[in-house]
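Q: One structure follows; several queries about it will come next.
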Amino acid sequence: PPSSEAVAVPPGQMAGETVATETGGSLALNDPRLNDSTYDEDIQLEGALNLIADNSPNVIVAVIDSGVDILQPDLQGNIWTNMGEIAGNGIDDDLNGYIDDIHGWNFFGSDVGEFIGTANVGDDFGHGTNVAGVIGALSNNGIGTAGTAKNVQIMSIKVTGADGRFKGVNLMKGIRYA
């Protein structure tokens with residue numbers, strides 16, 4: 001069977017072609033923007049993909065950045081959902097101190113108090129969504145690009161606003177939350 005450990009399209013090949021991997025396998029890709037990036041070469045994509053098994057949706061990666069666009073089509077299916085919360089009921093169902101933290105938490109602007117912030121983890125700067133895509137964009141779905149890790153769940157931890165600036169205390173809170 002074809003190898004699934006590589007999703008990088010080598011220079012000169014187009015998305016949709018069969019790609020040979022270093023381990024002798026191959027993978028047909030149809031992600032049209034895969035050739036737009038060189039991150040696969042920079043981080044040795046094939047080795048990174050080998051670290052995470054094909055069926056490992058229990059791996060949660062916290063993107064601590066400007067938030068994540070949880071509606072971005074190339075991330076659908078890989079956005080983490082806190083199963084201990086009931087969305088929109090205004091109750092901290094999982095008793096972790098954060099109300100309705102369905103996909104993460106927004107620490108941006110939360111200077112006072114441990115649990116001050118919001119459940120709005122959307123990205124108004126773009127950087128966090130880009131990082132989330134490098135990590136977990138769905139591959140072989142005919143849109144966008146392919147991420148470096150199959151089947152991961154992306155948790156959005158927002159610590160910056162539209163200007164990209166952040167406060168260290170919010171970054172620490174975000175790390176602790178993750």
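The values are calculated or read from the model by the stated rules, or taken from the named source; none is laboratory data. The structure presented is a predicted model; accordingly, all values stated were derived computationally and were not measured. With ideal geometry, Cβ positions are generated from the backbone for all residues, glycine too; neighbour counts draw on all protein chains shown. Only protein heavy atoms, including side chains, enter the accessible area calculation; ligands, DNA and RNA are left aside. Shrake-Rupley method; radii C 1.70, N 1.55, O 1.52, S 1.80 Å.
Q: Failed condition for Asn130, given (1) open to solvent by less than 50 Å² (accessible area, probe 1.4 Å); (2) not in a loop (DSSP other than H, G, I, E, B), with all others met?
A: Every condition holds for Asn130 apart from (1).
Q: In the range 79-100, how many residues are under 17 Å from Ala178 (Cβ atoms), in a loop (DSSP other than H, G, I, E, B) and among the hydrophobic types (A, V, I, L, M, F, W, C)? Lay out the reasoning, then the answer.
A: Initially, the range 79-100 is screened for residues under 17 Å from Ala178 (Cβ atoms), giving 79-85, 94, 96-98.
When the remaining residues are screened for being in a loop (DSSP other than H, G, I, E, B), the result is 80-85, 94, 96-98.
This time we only want the ones that are among the hydrophobic types (A, V, I, L, M, F, W, C), so: 80, 83.
Residues flagged as under 17 Å from Ala178 (Cβ atoms), in a loop (DSSP other than H, G, I, E, B) and among the hydrophobic types (A, V, I, L, M, F, W, C) within the range 79-100 amount to 2.
Q: What are the pairs with Cβ atoms under 7 angstrom where one residue, in the range 60-79, is at positive phi and the other, located anywhere, is crowded, with 20+ Cβ neighbours inside 10 Å? Sequence gap at least six, or different chains.
A: Gly67/Asn106; Gly67/Val121; Gly67/Asp123; Gly67/Gly128; Gly67/Ser156; Gly67/Lys158; Gly77/Leu138
Q: Return the residues of the range 48-66 that are within 26 Å of Val159 (Cα to Cα) and at pLDDT below 90; say none if nothing qualifies.
A: Hits for the range 48-66 are Pro57, Asn58, Val59.
Q: Part of a helix (DSSP H, G or I), modelled with pLDDT of 85 or more, within 21 Å of Pro73 (Cα to Cα) and not small (Gly, Ala, Ser): does that describe Ile135?
A: On the way: part of a helix (DSSP H, G or I): yes; modelled with pLDDT of 85 or more: yes; within 21 Å of Pro73 (Cα to Cα): yes; not small (Gly, Ala, Ser): yes.
Answer is yes for this residue.
Q: Let me ask another. Any idea which of Lys173, Lys150 is closer than 30 Å to Asn30 by Cβ, basic (Lys, Arg) and not in a strand (DSSP E or B)?
A: Numbers: Lys173 fails: closer than 30 Å to Asn30 by Cβ.
Of the residues listed, the single one that is closer than 30 Å to Asn30 by Cβ, basic (Lys, Arg) and not in a strand (DSSP E or B) is Lys150.
Q: To continue, here is another question. Does Ala162 satisfy the criteria of being at pLDDT below 90, open to solvent by 10 Å² or more (accessible area, probe 1.4 Å), under 15 Å from Val68 (Cβ atoms) and among the aliphatic types (A, V, I, L, M)?
A: In short, yes.
Q: Would you check if there is a residue in the range 105-119 being more than 30 Å from Arg33 (Cα to Cα), at pLDDT 90 or above and open to solvent by less than 10 Å² (accessible area, probe 1.4 Å)?
A: So far as the range 105-119 goes, yes, one or more of its residues are more than 30 Å from Arg33 (Cα to Cα), at pLDDT 90 or above and open to solvent by less than 10 Å² (accessible area, probe 1.4 Å).
Q: What is the one condition in (1) closer than 25 Å to Asp163 by Cβ; (2) modelled with pLDDT under 65; (3) among the charged types (D, E, K, R) that Asp69 does not satisfy?
A: (2)
Q: Counting just the residues of the range 138-159 that are polar (S, T, N, Q) and at pLDDT below 90, which one comes out most open to solvent (accessible area, probe 1.4 Å)?
A: Initial filter on the range 138-159 (polar (S, T, N, Q)): 139-141, 145, 148, 151, 153, 156.
Going one step further and asking which of them are at pLDDT below 90, we end up with 139-141, 145, 148, 151.
Values: Ser139: 40, Asn140: 75, Asn141: 56, Thr145: 30, Thr148: 18, Asn151: 54 Å².
Step by step, filter the range 138-159, then rank; the result is Asn140.
Q: What are the residues in the range 56-78 that are in a loop (DSSP other than H, G, I, E, B), touching a strand residue (DSSP E or B) at 6+ places or on another chain (Cβ under 9 Å) and of a type in the set (Gly, Ala, Ser), if any?
A: Of everything in the range 56-78, those that are in a loop (DSSP other than H, G, I, E, B), touching a strand residue (DSSP E or B) at 6+ places or on another chain (Cβ under 9 Å) and of a type in the set (Gly, Ala, Ser) turn out to be Ser66, Gly67.
Q: Filter the range 131-143 down to the residues that are under 12 Å from the mean Cα position of the chain (by Cα) and farther than 14 Å from Lys158 by Cβ and list them by number.
A: Gly133, Val134, Ile135, Gly136, Ala137, Leu138
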